[in-house]
Amino acid sequence: MIGYEFEHEFDNGWNFSQNLRFAHLDKSEELVYPYAYTASGDLARLGFKHDTSVDSFNVDNRLRKDFEAAGAEHNLLLGLDYKNFKIDQTQASAFPAPDLDPVDPVYGGALPAYNIYLDGVSRMQQVGLYAQDQIRFGGGWLVTLNGRYDYVDSETDSRLATGSYTSSDSAVSGRAGLAYEFDNGLTPYVSAATFFNPLIGISATGTPLVPEEGVQYEAGIKYEPTVFDGLLTASVFHLTKENALNPDGFTQTQLGEVESQGVELEGKVNIDQNWKLLASYTYTDMEITEEGIAAYIGKRPRLIPEHQASLWIDYTVTEGAMEGVSVGGGLRYQGKSAADIENTLWVPDAVVADAAIRYEKNGWGASLNVSNLFDKDYVKGCQGLFTCGYGEQRTVTLKLSKAW
């Protein structure tokens, strides 16, 4: 990846900023994939390989200005963004691969010939024009209004006999929010928003994926107390999504309509100048409300846990030879999730530990982050009874930075 961030403030009060990034990825894999257990207790398998190349280009241009009009303070934002995404991929399977006795495995069996079922290039270009105004008035009222127009053009050129298509979509989306900031740090708010999420790919039926669309309502309260340094938030939400993406094994399907409602809690507290505490909890009640297959209605979609929570504690050294060093650790919890669309089996819950050590001084920064500190084996989620994935193994990331 390579990119930049640019910002310039004009003498007339307008501020212009631009973020641009180009990314390229090449990835190839070949493996014998465990698929399911046979009636005799052996492990059925299939051969799978792919060769994939991805290019993405994103640029976002924004104009911002603060001004007063009609007794109100305005923070006006105007923007134009552009996205260009291209994926060139070939996927093939060899089925069935030799079964494997899990107790006494014998490796080295011959694979049948590979069958190429996906071979082509898909492109998506998206242009978005957006505007937002945050209006403060009346000694505490805050109104947020924003709107967005998107135009998307997608095409897939298949190197096989079938599978080529072109499509274009456009939509207007927006959000309206109302809040009141009390002097004691309490800020209750309500908001309503619509959304538009274009997708690239072909469904299991061979037709292009259509954009996800929907509406979300939210109400909550934010509290920035005066007795200690922190921010506490609590909210309830209700979301309706049409054409919701529904991964199904090695294919993609879409559901007619999915509704979700729940609660989100979050707290950020600076206990003192050294200690910091962050905690969050989300409860999501989700069900399929419209679908061509009647048996799916009322069921919970796969992959989304009902309960999620996290806790992180951070300590920063503020004086002495170790000034600028901070260490932290925390836990992440994911509740059980549905393994199949019929909700007959469930992925068990799991708790994972993370840790980090960072150093910042004189514009220099270094951080060493370790996720899944104890290298715990757990299932992250299932896209069907025979297609499940483990959570990431212990992952160590080192980041170096310099600001000037």
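None of the figures in this text is laboratory data; all of them are computed from the coordinates on show. It should be emphasised that the depicted structure is a prediction, and the values quoted were computed from it without experimental measurement. Backbone-built Cβ (ideal geometry, glycine too); neighbour counts: all protein chains shown.
Sorted into 5 angstrom bins from 0, the C-alpha pair distances of the stretch 267-404 split as 2, 9, 14, 15, 15, 12, 9, 8, 6, 4, 3, 1, 0, 0 percent. Simple rule: put +1 on each Lys or Arg Cβ and -1 on each Asp or Glu Cβ in the stretch 2-402, find the dipole, and look at 293, 221, 279; the Cα lying farthest toward the positive end is 279. Computed from point charges on the beta carbon alone (+1 for Lys and Arg, -1 for Asp and Glu), the dipole magnitude for the stretch 31-144 about its Cα centre is near 400 Debye.
The lysines whose alpha-carbon is closer than 30 Å to the alpha-carbon of residue 222, local same-chain residues fewer than 8 away aside, are 65, 241, 268, 276, 336. Think of the chain as a dipole: +1 on every Lys or Arg Cβ, -1 on every Asp or Glu Cβ, centred on the Cα centre; then among 382, 185, 92, 92 lies furthest on the positive end. Highest GNM mean-square fluctuation among 267, 108, 328, for the chain modelled with Cα contacts below 10 Å: 108. Largest GNM mean-square fluctuation across 86, 241, 49, computed for the chain with C-alpha springs under 10 Å, falls on 49. Only one item in (1) 58, 26, 16; (2) 41, 29, 25; (3) 39, 31, 17 matches semi-axes √(5λ) of the Cα gyration tensor in Å derived from the coordinates shown, and that item is (2).
Comparing 244, 219, 321 in a Gaussian network model of the chain, where Cα atoms under 10 Å apart are tied by springs, the biggest mean-square fluctuation is seen for 321. Placing unit charges on the Cβ atoms of the charged side chains and taking the dipole of the chain about its Cα centre, the candidate lying farthest along the positive direction among 102, 210, 151 is 102.
Let's test the formula: R0 of 41 Å, r as the Cβ-Cβ distance of residue 344 and residue 275. What FRET efficiency results, to the nearest 0.05? It comes to 0.35.
Rounded to whole numbers, the Karplus 3J(HN,Hα) couplings from phi for the stretch 176-185 are 10, x, 9, 9, 9, 9, 7, 5, 7, x Hz, using 6.51 cos²θ - 1.76 cosθ + 1.60 with θ = phi - 60°, and x at Gly and Pro. The distance between label points at residue 366 and residue 52 comes to 3.4 nm (points 7 Å beyond Cα on the Cα→Cβ vector).
Backbone phi angles across the stretch 14-29, fed through the Karplus curve with coefficients 6.51, -1.76 and 1.60 (θ = phi - 60°), yield HN-Hα couplings of 6, 10, 10, 9, 9, 10, 9, 8, 10, 9, 9, 9, 10, 8, 10, 9 Hz in residue order; Gly and Pro are listed as x.
Simple point charges give the picture: +1 on the Cβ of Lys and Arg, -1 on the Cβ of Asp and Glu, and for the chain a dipole about the Cα centre of about 480 debye.
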